[in-house]
Amino acid sequence: ESNPDTYFMWDIVLYPPKDWVEANPNDICMDDTGKPISDGPAPYSFASVSAIDVMEQALIKALRYLESSKYANRIIGYRINSGHHTEWAGWVAPSGHFTDFSPVAQKAFAQYVKKRHSGWSDASVPTVAERSSADAAVRAKCAAFYDFYSRRSADNVIRLMRKAREVVGDGKLLGTYMGYLLASRDRTTQMRAYYALKYF
């Protein structure tokens with residue numbers, strides 16, 4: 001307050017609250033054994049619309065509070081973050097396992113396949129074995145799943161950014177952490193949910 005040249009960039013980190021997690025077990029990201037991922041405070045499935053609904057409401061409340069504060073004119077922007085390490089990266093499964101086998105992801109992927117690959121007979125989330133298969137048809141399904149997973153992450157970011165813009169209006173920066181395509185040193189790079197950057 002003593003320095004009129006001080007400005008702020010608020011970092012807003014969003015996760016579903018504990019009561020949502022308890023009430024929506026099928027919307028939590030799961031590995032291939034059906035076990036919920038323990039990565040992060042509330043590793044919701046990127047396919048969960050319910051998770052984004054509750055996070056959007058939290059975002060609105062946070063932004064309205066900050067924009068009505070006496071420091072609002074010193075806030076130049078907001079970073080809106082979630083996911084693994086708050087960077088919208090896909091959740092990390094235990095070694096030797098993969099995500100996302102939650103019921104909500106299974107259902108959403110089946111809908112994605114029906115819309116984009118209507119001739120396919122198999123719309124199940126690729127298994128661990130399938131993800132290392134050399135069979136062309138299996139590899140196509142794996143590629144489709146990674147595209148689906150990344151698109152859902154991108155859709156979630158876009159939805160929350162649009163809502164933030166509605167609340168704060170023009171004139172302030174909005175951003176997030178996303179897009180490290182070469183950041184992962186293991187074989188799960190494709191699960192970082194960064195392969196839909198062209199849709200932004």
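Beyond 21 Å, what percent of the Cα pairs of region 82-200 remain? That tail contains 43 percent of the Cα-Cα pairs. Applying a DSSP loop filter and a limit of 16 other Cβ atoms within 10 Å to the GluC sites (Glu not before Pro) in region 1-73 leaves 1.
Put 39, 53 in order of accessible area, highest first, and with a 1.4 Å probe you get 53, 39. For residue 28, the residues whose modelled amide H falls within less than 5 Å of its own, excluding neighbours fewer than 5 places apart on the same chain, are 45.
What is the projected area of the convex hull of the Cα atoms of the chain, averaged over all directions, in nm²?
Numbers: hull surface 51.9 nm².
Averaged projected hull area, Cα only: 13.0 nm².
Which value, in Å to one decimal place, does the Kirkwood hydrodynamic radius take for region 18-122 when every pair of different Cα atoms is included?
After inverting the pairwise mean of 1/r, the radius is 15.7 Å.
In this structure the amide hydrogen of residue 13, modeled in the peptide plane, comes within under 5 Å of the amide hydrogens of 81, none closer than 5 places in sequence on its chain. Roughly how many whole Å is it from the C-alpha centroid of region 25-48 to that of region 96-117? That distance is 13 Å.
Excluding ligands, DNA and RNA, the accessible surface per residue across the chain is 53 Å² with a 1.4 Å probe. Ligands, DNA and RNA left out, the 1.4 Å accessible surface of the chain is 53% carbon and sulfur atoms. Using DSSP to define loop residues, name the trypsin sites (Lys or Arg not before Pro) in region 111-200 whose beta-carbon has at most 13 other beta-carbon atoms within 10 Å. Here the sparse-neighbourhood loop sites are 185, 187.
Which helices count as membrane-span-like in the chain under these terms: full DSSP H, at least 24 Å along the axis by C-alpha, Kyte-Doolittle mean of -1.0 or more?
On the way: long enough: 49-67 (26 Å, 0.61); 136-168 (48 Å, -0.16).
The qualifying helices are 49-67, 136-168.
Going by accessible surface with a 1.4 Å probe and the largest first, 33, 86 read 33, 86.
The values are calculated or read from the model by the stated rules, or taken from the named source; none is laboratory data. Fair warning: this is a prediction, and the values are worked out from it, not measured in the lab. No Cβ is skipped: glycine too gets one built from the backbone with ideal geometry, and neighbour counts run over all protein chains shown. Heads up: the accessible areas ignore ligands, DNA and RNA and are worked out on the full protein's heavy atoms, side chains in. Shrake-Rupley method; radii C 1.70, N 1.55, O 1.52, S 1.80 Å.
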